[in-house]
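One structure is given here, and the rest of the page talks about it.
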Amino acid sequence: TQLLEQSPQFLSIQEGENLTVYCNSSSVFSSLQWYRQEPGEGPVLLVTVVTGGEVKKLKRLTFQFGDARKDSSLHITAAQPGDTGLYLCAGHSGTYKYIFGTGTRLKVLA
Amino acid sequence: GAGVSQTPSNKVTEKGKYVELRCDPISGHTALYWYRQSLGQGPEFLIYFQGTGAADDSGLPNDRFFAVRPEGSVSTLKIQRTERGDSAVYLCASSLTRQGSSYTFGSGTRLTVV
């Protein structure tokens, strides 16, 4: 069974601080996605990474796929209250479905 | 439609009752997925449809759960003899092609069994 563990589980920080969220597995994935989910809504796709070592930037968010394609990180620079939400990674191993991680709940305080 | 639509948005039912949850995917999306999400957790896979057929129902927890997609568009997730442990948010997603495509999720149906 493929599992994706995310850490930390919860994170509460002040506006303007930087943070990193991790997504780890013992399995290799052909691609990995990051989603953000707000209360009462479905997850919204932020990025897809497919190549080992790949780095993608989305404004203040930086995503990296591990060289071995077993792990990924999400770094947020100068966090803002609008970044608050549940961050989910999801791995795809060449089949038709994504396996989701356990989630990191981020709260950014103004 | 413009997005994935799920109805109802909230459903409260008594233990032992039967419920149906509906998903209307993005027009033209052939793949449709159902996931279940417990509070503060990541979504867990339930079932995947490619067209009208259930290509993988390995995530359905037991035989009280069943899903259909008779015309390859709208899907209905059916739960018989509901139990309190079935309480969760049921998410539907659709995608354009089968492998590796990005999902678009609906807002989910929050099911509460009392």
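The values are calculated or read from the model by the stated rules, or taken from the named source; none is laboratory data. Note that this is a predicted model, so its numbers are computed, not measured. Backbone-built Cβ (ideal geometry, glycine too); neighbour counts: all protein chains shown. When the accessible area is computed, the model is the full protein with side chains, heavy atoms only, and any ligands, DNA or RNA have been set aside. Shrake-Rupley method; radii C 1.70, N 1.55, O 1.52, S 1.80 Å.
Points worth noting:
- Basic side chains Lys and Arg get +1 at the Cβ, acidic Asp and Glu get -1 at the Cβ, and with that the dipole of the stretch A:1-109 about its Cα centre reaches some 180 debye.
- Surface share of carbon and sulfur [accessible, 1.4 angstrom probe, percent] for the protein assembly as shown: 48 percent
- Applying the Karplus relation 6.51 cos²θ - 1.76 cosθ + 1.60 with θ = phi - 60° to the stretch A:77-89 yields 3J(HN,Hα) values of 9, 6, 4, 10, x, x, 7, 4, x, 9, 9, 10, 9 Hz, where x marks Gly and Pro.
- Charge sum, other residues only, whose C-beta stays under 12 Å from A:T62's C-beta, Lys/Arg counted +1 and Asp/Glu -1: +3
- Counting DSSP beta bridges with both ends in the protein assembly as shown, the antiparallel % (nearest 5): 90 percent
- Protein heavy-atom accessible area occluded, A/B pair - total, 1.4 Å probe, Å²: 1600 Å²
- Springs between Cα atoms under 10 Å define the GNM used for chain A, and in it the highest mean-square fluctuation of A:A79, A:A90, A:A68 occurs at A:A68.
- Spacing of the modelled spin labels on A:E38 and B:T76, each 7 Å from Cα toward Cβ, amounts to 3.3 nm.
- When the protein assembly as shown is described by a simple charge dipole with +1 on each Lys and Arg Cβ and -1 on each Asp and Glu Cβ, the residue from B:C23, A:S27, B:I47 located farthest towards its positive end is B:C23.
- Check: the protein assembly as shown dipole with +1 on Lys, Arg Cβ and -1 on Asp, Glu Cβ, in debye: 200 debye
- Among B:G72, B:G53, B:G40, the residue with the largest mean-square fluctuation in a Gaussian network model of chain B, with springs joining Cα atoms closer than 10 Å, is B:G40.
- The mean sequence separation of alpha-carbon pairs under 8 Å and at least six residues apart, normalised by the residue count of chain A, gives a relative contact order of 37 percent.
- Of A:K97/B:K78; A:K56/A:K97; A:K97/B:K11; A:K107/B:K11; A:K70/B:K17; A:K57/A:K97, pairs whose Cα-Cα distance is over 32 Å: A:K70/B:K17
- When only Cα pairs below 8 angstrom with a gap of at least 6 residues are kept, the stretch B:5-99 shows a relative contact order of 37 percent.
- Extreme residue, positive dipole direction of the protein assembly as shown, given options B:A93, A:L46, A:F65 (C-beta unit charges): B:A93
- Among residues other than B:F65 with Cβ under 13 Å from its Cβ, the summed charge is -2 (Lys and Arg +1, Asp and Glu -1).
- Aspartates and glutamates with Cα under 14 Å of B:K15, excluding same-chain neighbours fewer than 8 positions away: B:E83, B:D86
- Chain A: most fluctuating residue of A:Y87, A:Y98, A:Y22 per GNM, C-alpha cutoff 10 Å: A:Y98
- Annotation: extensible slack from B:E44 through B:V68 equals 6.8 nm (criterion: 0.36 nm per residue apart, minus Cα-Cα distance).
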